[in-house]
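A short worksheet on the structure shown next.
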Amino acid sequence: MNNAVEPSRKPITLHRLREMHAKGEKIAMLTAYDATFARVVDEAGVDCILVGDSLGMIVQGHASTVPVSMDEMVYHTRCVARGNRNAWVVGDLPFGSYQENREQALRSSIALMQAGAQMVKLEGGGWTAETVHFLTERGVPVCAHLGLTPQSVHALGGYRIQGRDEAGAQTLRKHAKALADAGAAMMVLELMPSAVAREVQADNPGLMTIGIGAGQGTAGQVLVLHDMLNITRGKLPRFVRNFAAEGGSVDDAIRRYVAAVKDGSFPDEAVHAY
């Protein structure tokens with residue numbers, strides 16, 4: 001597979017992402033936590049880099065994302081921004097950095113954006129809609145996150161599929177609508193039936209939904225970089241595909257991932273028939 005950097009690639013903007021979505025082009029997102037991987041991911045053609053608080057588990061060795069601090073997210077966002085050239089950078093607001101009030105959320109968002117994030121991500125529905133509105137009114141692009149929300153893993157009783165019954169699905173649809181109306185431009189939909197994810201996207205056509213364990217009916221996909229390279233130790237979620245299995249380099253694996261997202265061959269819809 002050709003590893004050459006495409007010289008004509010221009011920086012991805014929110015406007016460009018919206019154009020892609022409007023044309024039906026899938027959005028490919030991967031995590032990165034340092035400058036080196038940020039550069040590799042960017043040069044392999046990924047549209048969006050997520051500096052996820054998943055670094056708590058992947059980089060720091062914690063059992064969940066809950067221990068990750070705001071200072072640590074700022075540090076890793078700054079590292080990624082240094083390595084990246086063209087991808088759109090989304091930074092996670094960690095647990096405890098936005099739950100107190102809207103002003104705390106704005107301070108945390110400013111810190112991430114000054115470190116190099118172009119959009120911030122926060123988890124949960126319901127009460128978060130007011131926070132999203134407050135942030136977007138002040139020029140902060142927001143990515144929401146519904147379904148399995150890892151910061152709430154203890155409240156959810158573990159890493160469980162969300163929205164399997166009608167009541168749960170209705171709550172997800174309601175929260176997604178409120179967040180979209182509040183101004184969220186993007187939304188990660190994690191670990192939910194594909195039918196529910198499709199309904200969320202259909203109900204909010206201008207919203208860029210990014211699936212992870214949510215089937216093919218979203219505007220794009222995201223995976224943890226270490227998972228799709230098969231270097232994460234332990235049991236992986238069944239929706240993860242090992243893109244390094246066919247040999248070649250890390251660059252090849254990432255390019256294969258981008259191509260599979262773009263042509264719709266990833267994810268495998270059969271895996272999401274919960």
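The values are calculated or read from the model by the stated rules, or taken from the named source; none is laboratory data. Because the structure is a prediction, the values reported are computed rather than measured. Heads up, the Cβs are rebuilt from the backbone with ideal geometry, glycines too, and the neighbour counts pull from every protein chain shown.
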Q. Within the stretch 164-180, is there a residue that is at pLDDT 95 or above and under 25 Å from ASP34 (Cβ atoms)?
A. no
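For VAL261, state whether it is at pLDDT below 95, in a helix (DSSP H, G or I) and touching a Lys or Arg at 6+ places or on another chain (Cβ under 7 Å).
For VAL261, the condition - at pLDDT below 95, in a helix (DSSP H, G or I) and touching a Lys or Arg at 6+ places or on another chain (Cβ under 7 Å) - is not met.
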Q | Hits in the stretch 53-83 (condition: assigned to a loop (DSSP other than H, G, I, E, B) and either touching a residue at least 40 places away in the same chain (Cβ under 8 Å) or buried (at least 21 other Cβ atoms within 10 Å of the Cβ) (or both)) | A | ASP53, SER54, SER64, THR65, VAL66, VAL68
Q: Report the residue count in the stretch 42-52 for those that are assigned to a loop (DSSP other than H, G, I, E, B), under 13 Å from LEU223 (Cα atoms) and not charged (D, E, K, R).
A: 2
(Q) Just to be sure I understand, how many residues within the stretch 84-103 are more than 18 Å from GLU123 (Cβ to Cβ), over 14 Å from the mean Cα position of the chain (by Cα) and either of a type in the set (Asp, Glu) or not in a loop (DSSP other than H, G, I, E, B) (or both)? (A) 1
Q | Filtered residue count, the stretch 107-116, keeping only those that are crowded, with 18+ Cβ neighbours inside 10 Å and either in a helix (DSSP H, G or I) or out of contact with any strand residue (DSSP E or B) (no Cβ under 8 Å at 6 or more places or on another chain) (or both) | A | 6
(Q) Take ALA185 and tell me if it is surrounded by fewer than 22 Cβ atoms within 10 Å (Cβ to Cβ) and touching a residue at least 60 places away in the same chain (Cβ under 8 Å). (A) yes
Q | the stretch 126-151, residues that are in a loop (DSSP other than H, G, I, E, B) and of a type in the set (Phe, Trp, Tyr) | A | TRP127
Q | Filtered residue count, the stretch 179-212, keeping only those that are of a type in the set (A, V, I, L, M), in contact with an Asp or Glu (Cβ under 9 Å, 6 or more places away or on another chain) and outside any strand (DSSP E or B) | A | 2
**Q.** Residues being of a type in the set (Asp, Glu) and out of contact with any His (no Cβ under 9 Å at 6 or more places or on another chain) - total across the stretch 162-187
**A.** 2
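Is there a residue being closer than 17 Å to LEU236 by Cβ and in contact (Cβ under 8 Å) with a residue 12 or more places away in the chain anywhere in the stretch 33-46?
Taking every residue of the stretch 33-46 in turn, none turns out to be closer than 17 Å to LEU236 by Cβ and in contact (Cβ under 8 Å) with a residue 12 or more places away in the chain.
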Q) Looking at (1) outside any helix (DSSP H, G or I); (2) over 18 Å from the mean Cα position of the chain (by Cα); (3) under 23 Å from LEU55 (Cα atoms), which is the one condition that is false for GLY247? A) (3)
